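Let me begin by presenting the structure, written as structure tokens, before commenting on it.
The values are calculated or read from the model by the stated rules, or taken from the named source; none is laboratory data. In this text the structure is predicted, and so the values were computed from the model without any measurement. Using ideal geometry, Cβ is built from the backbone for each residue, glycine included, and neighbour counts are taken over all protein chains shown. Side chains included, ligands, DNA and RNA excluded: accessible areas come from the protein's heavy atoms. Shrake-Rupley method; radii C 1.70, N 1.55, O 1.52, S 1.80 Å.
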Amino acid sequence: MSADKWCARTDLALETQESLRKANTDMRGVNFSEKKLDNGIVVSVVTIDSENAVRATGRPKGKYVTIEAALLSEGDEECCQAVTRELSRELKSFVKAVCGKHIYAALVVGLGNRNVTPDALGPRCIDSLFITRHIVKEYGRYAFGNENVNSVCGLVPGVMAQTGMECLEIIKGVVNEVKPDFVVTIDALAARSTKRLGCTIQLTDTGIVPGSGVGNHRDGINRGNLGVPVIAIGIPTVIDAVTIVSDAVNASRENTAKLMSPKLNGMFVTPKDIDETVKRLAGLLSEGINMAFSNDDYDDCSE
């Protein structure tokens with residue numbers, strides 16, 4: 001990778017927006033808002049709504065919501081509960097926007113490799129989901145004593161090295177069979193800043209390209225390819241090693257390029273406590289999704 005082509009890799013629209021502002025790039029069509037909640041939680045919204053914004057950010061048109069909480073990485077119980085509730089509220093809002101139904105059928109897909117801890121967030125999240133489709137299909141919603149129960153099914157498609165198939169191929173086959181109203185994907189992401197590892201959640205209605213965070217691009221999982229809306233949820237668990245070097249020496253692109261080597265380029269770093277972090281975050285995500293899909297009256301996300 002040459003110096004003139006080097007750029008910090010990130011899956012977070014928030015970080016892309018920050019970089020563009022710092023570089024005084026044309027920001028027409030990129031809208032940003034932020035609100036601060038209790039427990040140090042910050043919720044940011046980036047919307048991309050023009051072709052100029054698409055070119056500037058390299059991201060598709062849509063809405064990107066980021067929930068940040070520094071205490072989340074420390075496992076603070078009160079903060080985790082607050083983030084879970086906020087995640088549920090934001091997901092309900094997304095579902096309402098893309099689906100428009102009160103009772104619906106959802107397919108939740110856990111992307112990633114269960115055998116690689118930083119990439120196991122999606123599969124582990126599926127493990128704790130409240131799956132209802134098989135019961136609703138067999139016995140009806142009254143089996144739960146509640147006619148408002150949503151039909152939820154889960155899928156862990158693995159990675160191409162394990163299955164020999166693109167994730168999109170597997171998901172598309174399942175979508176054609178079960179016909180959900182929308183798909184929710186869960187995946188581990190890459191961040192630009194170390195301070196956002198393990199304490200930042202991004203939701204977007206644009207779908208996701210599996211492996212993009214580590215430069216291993218696969219076919220996009222989005223509405224265009226699946227025929228149903230796709231809501232993507234992700235948490236950054238890795239950061240590009242070159243980015244860390246650049247930040248450490250506060251170097252220009254030219255000086256950073258001199259520090260690069262073929263081994264350093266393409267290397268990704270993850271926190272030493274990633275095992276416990278992924279376990280905790282997978283539980284938090286599954287709880288938030290379960291709350292959002294429960295149709296309880298604690299928050300109807302009406303606006």
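Within the range 188-205, work out how many residues are part of a strand (DSSP E or B) and either open to solvent by less than 10 Å² (accessible area, probe 1.4 Å) or on the phi > 0 side of the Ramachandran plot (or both).
Step one: of the range 188-205, the residues part of a strand (DSSP E or B) are 188-191, 200-204.
Next, from what is left, pick out any that are either open to solvent by less than 10 Å² (accessible area, probe 1.4 Å) or on the phi > 0 side of the Ramachandran plot (or both): 190-191, 200-201, 203-204.
Residues in the range 188-205 being part of a strand (DSSP E or B) and either open to solvent by less than 10 Å² (accessible area, probe 1.4 Å) or on the phi > 0 side of the Ramachandran plot (or both): 6 in total.
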For this session: Could you please find all residues in the range 78-112 being closer than 16 Å to residue 285 by Cβ and free of Cβ contacts under 8 Å to residues at least 24 places away in the same chain?
Result: 81
For this session: Please specify each residue of the range 69-111 satisfying the condition of being modelled with pLDDT of 95 or more, part of a loop (DSSP other than H, G, I, E, B) and not hydrophobic (A, V, I, L, M, F, W, C).
Result: 104
Problem set entry | Conditions (1) in contact with a Cys (Cβ under 6 Å, 6 or more places away or on another chain); (2) on the phi > 0 side of the Ramachandran plot: number failed by residue 40 | (1)
Problem set entry | Residue pairs meeting the criteria (Cβ under 8 Å; at least 6 apart or on separate chains; first polar (S, T, N, Q), in the range 26-43; second outside any strand (DSSP E or B) and loosely packed, with under 12 Cβ neighbours inside 10 Å) | 39/78
Seminar exercise, completed: Over the range 42-75, the set of residues under 16 Å from the mean Cα position of the chain (by Cα), farther than 20 Å from residue 229 by Cα and of a type in the set (Ser, Thr, Tyr) is 44
Exercise. Residue check, residue 65 against (1) touching a residue at least 60 places away in the same chain (Cβ under 8 Å); (2) aliphatic (A, V, I, L, M); (3) open to solvent by less than 30 Å² (accessible area, probe 1.4 Å); (4) assigned to a helix (DSSP H, G or I), all met but one. Which one?
Worked result: (4)
